[in-house]
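Below you'll find the structure, written out as structure tokens, and then a few comments.
The values are calculated or read from the model by the stated rules, or taken from the named source; none is laboratory data. Note that the structure is a prediction, hence the values are computed from the model and not measured. Virtual Cβ from ideal backbone geometry, glycine too; neighbours counted across all protein chains shown.
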Amino acid sequence: MEGTPPSNTNTSNHHRRSRPQNLNPHKRIREEGESSGSACSISPAPPPVRQPSEDDGGGETEAEGAADGFVILLAEPVPSRRVRDAHCPSHGSVSLVGRRRNMEDAVVEVTGFAAGGYGYFAVYDGHGGATVAQACRDRLHVAVAEEVGRRRAAGEGEGVDMWRRALVAGFARVDAEVMGETRQLRQGMVGSTAVVAVVAEKWIIVANCGDSRAVLSRGGVAVPLSIDHKPDRPDERGRVEALGGRILCWDCPRVLGVLATSRSFGDYLLKPYVSSDPEFMVTDRSEEDEFLILASDGLWDVISSEMACRVIRKCMASPTGNNYPSGIAGSAARDAAAVLARLAISRGSFDNVSVVVVELRTSRVAVAAE
């Protein structure tokens, strides 16, 4: 398979594909998650949306009154929960199908994580299908929590080093699981990136595998908490070539001419060149910390880290955002995430767009619009 993708390769953002032509940017957009009014807005506004009711039986619901083919699909709402244990006053997420036919992203928000005062937040960006991203969504935080429990029982304490070892073990376990499942299904080119943030009282640790990204807004400055795993990154190219692989450039550099990220879960036909080993960044919490953004590359392809932080800051500082009660999950943070995701679609993103926003301040301080 030297440099030639299999004939049954599924097209995706990470796999080679042709870009749709003359696409109406507002023709079809889908959304998964709760429905709520945005603290900020982007024109044109979406149509009125019918909230799923108790009689709906959950599941996806199509918006009423959608015009011009503009459709929003809502998943069953997740009840808000108090998140004091997560050391952040609010958090929220949104996933947009955008101009794709299917949703291959997944997001996770877990508070009171690992039987302690931690928050676990993650974005999984699937390619070749949603199988691996959904497996990561369902299993990775469970595996990491189990690894943390084992290490606590062994007396390894609660430090960052213990968490790093637990995350490495959790990533390896889940990758082995999905590799076995995708082999049985003969889905050799199905995989997912992962960016995971564990938020503690005094520190934040980010584990990254692929080209989803984590950015911290600190004192008005966008601070990267991950580095994209791109095949043309010098150290990643060196790692792949040392294993006997090649980086070929078609529309962009790709591992064996196929995959546009050099690390991911799954993709067993590209092992060992494509690795699931995470890279880590750790930062101590500061009083200047404002919020954390995790997002798939559908956002970062069209919006810089600096612009993303400016947008979220304006939304969180708006009068509507400040009216939300502190300690309630979603609300202002989720509305800000929705605004950012819709901005990516309006700026021409052709991929699914998933955004998680985690507010880190215990009290909101209005920031003047720049």
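Residues in the stretch 157-180 that are acidic (D, E) and under 20 Å from D277 (Cβ atoms) were compared, and the one that is nearest to the chain's Cα centre (by Cα) is D175. Just one of the listed residues (V282, V274) is at pLDDT 95 or above, surrounded by fewer than 22 Cβ atoms within 10 Å (Cβ to Cβ) and of a type in the set (A, V, I, L, M), and it is V282.
Note on the stretch 171-196: residues that are within 28 Å of P89 (Cα to Cα) and touching a Leu at 6+ places or on another chain (Cβ under 6 Å) amount to 1. Being of a type in the set (A, V, I, L, M, F, W, C), surrounded by fewer than 24 Cβ atoms within 10 Å (Cβ to Cβ) and in contact with a strand residue (DSSP E or B) (Cβ under 9 Å, 6 or more places away or on another chain) is a description that applies to V223. Looking at this structure, is V258 β-branched (V, I, T), touching a residue at least 24 places away in the same chain (Cβ under 8 Å) and over 22 Å from F171 (Cα atoms)? Spelling it out, V258 is indeed β-branched (V, I, T), touching a residue at least 24 places away in the same chain (Cβ under 8 Å) and over 22 Å from F171 (Cα atoms). Give the stretch 261-295 a look and list any residue that's touching a residue at least 60 places away in the same chain (Cβ under 8 Å) and under 14 Å from S217 (Cβ atoms), or say none. Matches in the stretch 261-295: T283, R285, S286, E288, D289, E290, F291, L292, I293, L294, A295.
Scanning the stretch 111-157 for residues that are part of a helix (DSSP H, G or I), touching a helix residue (DSSP H, G or I) at 6+ places or on another chain (Cβ under 6 Å) and more than 12 Å from G266 (Cβ to Cβ) gives A114, R139, L140, A143, V144, A145, E147, V148, R151.
Scanning the stretch 114-133 for residues that are surrounded by fewer than 22 Cβ atoms within 10 Å (Cβ to Cβ) and not β-branched (V, I, T) yields a count of 7. Please determine whether any residue of the stretch 203-210 is among the β-branched types (V, I, T), crowded, with 24+ Cβ neighbours inside 10 Å, touching a residue at least 12 places away in the same chain (Cβ under 8 Å) and out of contact with any Leu (no Cβ under 8 Å at 6 or more places or on another chain). Within the stretch 203-210, none of the residues are among the β-branched types (V, I, T), crowded, with 24+ Cβ neighbours inside 10 Å, touching a residue at least 12 places away in the same chain (Cβ under 8 Å) and out of contact with any Leu (no Cβ under 8 Å at 6 or more places or on another chain). For the stretch 242-261, the count of residues that are surrounded by fewer than 19 Cβ atoms within 10 Å (Cβ to Cβ), touching a helix residue (DSSP H, G or I) at 6+ places or on another chain (Cβ under 9 Å), of a type in the set (A, V, I, L, M, F, W, C) and under 25 Å from V196 (Cβ atoms) is zero.
For the condition under 20 Å from the mean Cα position of the chain (by Cα), closer than 26 Å to V132 by Cα and in contact (Cβ under 8 Å) with a residue 60 or more places away in the chain, G298 qualifies.
Total residues in the stretch 151-184 satisfying the condition of being at pLDDT below 95, out of contact with any strand residue (DSSP E or B) (no Cβ under 6 Å at 6 or more places or on another chain) and closer than 18 Å to C136 by Cβ: the figure is 5.
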